[in-house]
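S.K.: Submitted below is the structure of interest, expressed as structure tokens.
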Amino acid sequence: MKRLIFTLMFVMLTMSLSAQQKLRLSEVPQEVRMGLENTYTDYKLEGWYFETGQYVAKINIDNNTGRVFFTATGNWQYTIFDIKEEELPTLVDDYFIKNYPGYRVKKSQYVEDLSGDNYYRLIISMKGVGQTEYEMIFDPRGNLTKTNAPDPDFVKKDYIERLNPEAIEYRQKKMAEREGIVGEGVEVNIEKQKAKDKSSKEVKLSTQDELDEPKIPEEVTAAFKKKFPRAEAKSWKQEGDNYRATYDKRGTQAEILMQKDGTIISTTTNVDKARYPRLITKDLEIRYPKAKVEKFQKIDYDMKYKKSVTDKKLDTYYYIELTEKIKGKKDKKTIRLTYDKSYKFQGLAGSDDDYADED
């Protein structure tokens, strides 16, 4: 029965956003007005409405706007307060940032319920126009209790794949090879792969299996010399069918990723501390004031390669690694973040085993 009531409340909350009729004070039954007086004190009334068979009072308490729902007989049902995203509990904010990169919070609310089971409600969607909206419910402590949003593992993998599709493809091939499946047309056991992914919390931007002495094709070295005639490759690494060279770029370490035919995929440049974008550093100070920047890189996709990839959006982005002390432990946790080319935060690129929700 309790679950049924909770489900009905979901429906009513959603429906109440669509159809509403503004009422004059004289159109509100006295029982309903008395119901508001008995429910709240020290409030400012901003208006009365009729929604989905209920009377709704729009009130303001300490600069927080809320909508109070009553039956026709004046019985209070629930109240929805719109709150700012930064006012959400830390656990709620951390869960969303950690598990839904590439998504945004479209609405955040606090709901006071007749049953006493108050909760936080988020409406989220992928960034962009016309994206599907999802609902997330958290208890007052910030623990997720109900949601219809996609599985976090799928969301993180999809986000990383859109940032770096060649790394995901390579990782899948290597996983298949480790299972002893070799040859053309490699098939990946999806169920076994899913079980392995769930056993590990970490989602990395790339998986790099280095070879002791990689044999670099002439097409690759020739393309490198053509691109950087005055630079010398300090080291080479083979990553699946691609090759990565480390070189010096005006005193700063940089990397270039190339296909075996010499096609350039992307270049990665270490950003000097004095050149960190101010918008990013300000955001880092707010999100992780006690963390230390260990790596700050700018990844640029080659224009020709970007045009050849039609099913993915490849844009310049920043990849940052932070370390932060864990309370009560000697170890440090690593936080991996991404920002787009306009310095807007895109989400966590991965997570450490040290991450654990704390009650």
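S.K.: For the list (1) at pLDDT 55 or above; (2) surrounded by 14 or more Cβ atoms within 10 Å (Cβ to Cβ); (3) farther than 27 Å from Asp315 by Cα, I need the number of the one condition that Gln193 fails.
M.R.: (1)
S.K.: Could you tell me which numbered condition Asn60 fails, if it satisfies all but one of (1) over 23 Å from Tyr339 (Cα atoms); (2) polar (S, T, N, Q); (3) in contact with a strand residue (DSSP E or B) (Cβ under 7 Å, 6 or more places away or on another chain); (4) surrounded by 14 or more Cβ atoms within 10 Å (Cβ to Cβ)?
M.R.: Of everything listed in (1) over 23 Å from Tyr339 (Cα atoms); (2) polar (S, T, N, Q); (3) in contact with a strand residue (DSSP E or B) (Cβ under 7 Å, 6 or more places away or on another chain); (4) surrounded by 14 or more Cβ atoms within 10 Å (Cβ to Cβ), Asn60 misses just condition (4).
S.K.: Of the residues Lys304, Lys292, which is closer than 20 Å to Val220 by Cβ and either at pLDDT below 85 or surrounded by fewer than 17 Cβ atoms within 10 Å (Cβ to Cβ) (or both)?
M.R.: Values: Lys292 fails: closer than 20 Å to Val220 by Cβ.
None of the other options fit; the residue is Lys304.
S.K.: Right, here's the next one. Would it be correct to say that Arg67 is closer than 22 Å to Tyr120 by Cα, open to solvent by 30 Å² or more (accessible area, probe 1.4 Å) and in contact (Cβ under 8 Å) with a residue 24 or more places away in the chain? So that I can check it myself, show each step before the final result.
M.R.: Details: closer than 22 Å to Tyr120 by Cα: yes; open to solvent by 30 Å² or more (accessible area, probe 1.4 Å): yes; in contact (Cβ under 8 Å) with a residue 24 or more places away in the chain: yes.
Yes, satisfied.
S.K.: Keeping to the stretch 246-288, report how many residues are open to solvent by less than 20 Å² (accessible area, probe 1.4 Å), over 23 Å from Arg336 (Cβ atoms) and touching a residue at least 24 places away in the same chain (Cβ under 8 Å). Step through it out loud before you land on a result.
M.R.: Going through the stretch 246-288, the residues open to solvent by less than 20 Å² (accessible area, probe 1.4 Å) turn out to be 246-247, 254, 256-258, 262, 265-266, 268, 277, 280, 284.
Now restrict to residues that are over 23 Å from Arg336 (Cβ atoms): 247, 258, 262.
Now drop any that are not touching a residue at least 24 places away in the same chain (Cβ under 8 Å), which leaves 258, 262.
Selection size over the stretch 246-288: 2.
The values are calculated or read from the model by the stated rules, or taken from the named source; none is laboratory data. As the structure is a prediction and not an experimental result, all values here were calculated from the model. Note that each Cβ is placed from the backbone with ideal geometry, even for glycine, and that neighbours are counted across all protein chains shown. Areas reflect the complete protein model, heavy atoms only, side chains present, ligands, DNA and RNA absent. Shrake-Rupley method; radii C 1.70, N 1.55, O 1.52, S 1.80 Å.
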